[in-house]
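The values are calculated or read from the model by the stated rules, or taken from the named source; none is laboratory data. On a predicted model such as this, the values are computed, not experimentally measured, just so you know. A quick note on method: Cβ atoms are made from the backbone with ideal geometry, for glycine too, and the neighbour counts reach across all protein chains shown.
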Amino acid sequence: MKTEPTISIQDEVAKIHVQYGTTEMANYRIEKLLEKYIEQSSPKIKQLEWVEVWEGYEDARTPFGHYVVRPSIDNKIFLMIDLRKGIQPYSTLNEAKAEAQRDFEKRIKECLE
């Protein structure tokens, strides 16, 4: 696992204050520093990979479970099937996939806490 070099935020803030004093520019630089730190410490979670298993049925398998989206009998509503949550109706295929992605990301973040 690749690790990023660590930075001392306190040291970096002190350098900014030496260079810019207590000006608006200093505040801006500190804000950007903190955004960079937050970005570096937040894991990037990959997108689910959907595979069409048969016409209209798409599947995404993860270490946490199995997501399936499919049309309803009348082909108007798509459903996300998750054994933990059961069948849930959605208006569109994209809406169902987006909910599956949110659920997947939530489960990963729970493991990291």
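Some values worked out for this structure:
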quantity: Residue in region 93-113 that is outside any helix (DSSP H, G or I) and touching a helix residue (DSSP H, G or I) at 6+ places or on another chain (Cβ under 8 Å) present; calculated: no
quantity: In region 48-78, residue nearest to the chain's Cα centre (by Cα) [restricted to those that are aliphatic (A, V, I, L, M), outside any loop (DSSP other than H, G, I, E, B) and closer than 20 Å to residue 105 by Cβ]; calculated: 60
quantity: Qualifying residue in region 103-110 (condition: surrounded by fewer than 10 Cβ atoms within 10 Å (Cβ to Cβ), modelled with pLDDT under 90 and closer than 30 Å to residue 9 by Cα); calculated: yes
quantity: Meets criteria (modelled with pLDDT under 90, part of a strand (DSSP E or B) and within 27 Å of residue 112 (Cβ to Cβ)) for residue 38; calculated: no
